[in-house]
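Written out below as structure tokens is the structure these notes cover.
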Amino acid sequence: MFVITCPYCGERDLTEFAYGGEAHIARPHWREDMSDAEWADFLFMRANPKGVLAERWMHAAGCRRFFNMLRNTATDDILAVYRIGETPPKVEARLPATPSGEAPLGSGNDAVKVIQPGEGG
Amino acid sequence: MAEERVGPPERRLPLFRRQAIEGAPGTIKLAELPFAAKFVLRLDPAAGEAAFRQAAGLDLPAAPLMSVVNGERAVLWLGPDEFLVVAPEAEAGELAEALAAGLADTHHQFTEVSNYYTAILVEGPKARQALMKLTTLDLHPRAFKPGMVAGSNFGHAQAYLWLEHEEEGAARLRLYVRWSMAEYLWCALAEAGREWGVPEQEPVAGEPMLTESVTSRKA
Ligand SMILES: [Zn+2]
């Protein structure tokens, strides 16, 4: 069972939640000289890191509120949960613990390098 | 052209085909609780609590997942700024008017959902155990205490579960479920109660939407 902590309701099963994609993507103010590339960047381009990602989730079966989550996409560790409008807290991603360098749970067994936000790319 | 109301009043029940059922004595009982006035209120408690108390005659829940009861009226926490207000059917108009007047100066939204949700009563010492089969909610008495409300999935149906009362291990719970899912949830609950002797409930496929067919059924 995969448990998510809703900031309003507390610990609930994953099946009560809906995924809302990457968080903190602001819709750009419309300008006459806005290029298609700029608009496409807002619509389609996502960070897709192997590491910490800020995501939106919604407690669909419970309080029906959106909230944000910092999740390590390599290990599925939920590192923080915070409300909409709040600043993402500073987190430290857990480094892969197994001797071969792979994550104990989660995605595949490529050598996992945990990428922090703003790093790599 | 004024149309005469046709059909028996129980036609308004989402579960009008169902009778209250129960298992062996002292285990579990299921019944529909029909005809209550229900409203969904969106209101920032910090801004509108006093006005709400004045208008409705009871407080807003002070903590998440909690409820407040005063006589036959109750307020259930659905979200940080969302509440379900329940009252006897006869008080629907009066309550709506009082709230509209009392909250006129506060940013709010007030929607009647009397015929959108129905309530299924799940009662008895085995009520928690039967519900545990349908949901991932932690229904252990240590976690789910009297007065608590929680939205979750019960089988395939989303519903709000309210533990209204519990005495000596016998819990009285209400499930607020959407009309269209009530029939499904009723059958799922009966299925969950089979081990205590709850009679099997045949799912009813399709619904006669014409009042004539209901009238002929009664004839
Ligand atoms: Zn929630």
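The values are calculated or read from the model by the stated rules, or taken from the named source; none is laboratory data. In this text the structure is predicted, and so the values were computed from the model without any measurement. Don't worry about glycine lacking a Cβ; one is built from the backbone with ideal geometry, like all the others, and counts go over all protein chains shown. Heads up: the accessible areas ignore ligands, DNA and RNA and are worked out on the full protein's heavy atoms, side chains in. Shrake-Rupley method; radii C 1.70, N 1.55, O 1.52, S 1.80 Å.
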Next on the checklist: Tell me yes or no: at least one residue of the range A:69-76 is away from the ligand (no atom under 16 Å from the Cβ), without any contact (Cβ under 8 Å) to a residue 24 or more places away in the chain and surrounded by 18 or more Cβ atoms within 10 Å (Cβ to Cβ).
Outcome noted: yes
Checklist entry - Can you tell me which residues in the range A:1-41 are of a type in the set (D, E, K, R), away from chain B (no Cβ under 14 Å), surrounded by 10 or more Cβ atoms within 10 Å (Cβ to Cβ) and not in a helix (DSSP H, G or I)? => result A:Glu22
Checklist entry - Regarding B:Leu65, is this residue modelled with pLDDT of 95 or more, touching a strand residue (DSSP E or B) at 6+ places or on another chain (Cβ under 8 Å) and not in a loop (DSSP other than H, G, I, E, B)? => result no
Checklist entry - Which of the residues that make up the range A:42-68 are open to solvent by 60 Å² or more (accessible area, probe 1.4 Å) and within 16 Å of the ligand (Cβ to nearest atom)? => result A:Arg56, A:Arg64, A:Phe66
Checklist entry - Which pairs have Cβ atoms under 8 Å, sit 6 or more apart or on different chains, and link a residue in the range B:125-153 that is more than 14 Å from chain A (Cβ to nearest Cβ) to one that is within 13 Å of the ligand (Cβ to nearest atom)? => result B:Leu131/B:Leu137
Next on the checklist: Please return the ranges of helices (runs of 4 or more DSSP H) entirely within the range B:106-219 where 1 or more residues are modelled with pLDDT under 95, more than 16 Å from the ligand (Cβ to nearest atom) and open to solvent by less than 60 Å² (accessible area, probe 1.4 Å).
Outcome noted: B:179-192, B:211-218
Checklist outcome for this item: Over the range B:17-29, the set of residues open to solvent by less than 60 Å² (accessible area, probe 1.4 Å), modelled with pLDDT of 95 or more and either of a type in the set (D, E, K, R) or in contact with a Phe, Trp or Tyr (Cβ under 7 Å, 6 or more places away or on another chain) (or both) is B:Gly23, B:Ala24, B:Thr27, B:Ile28
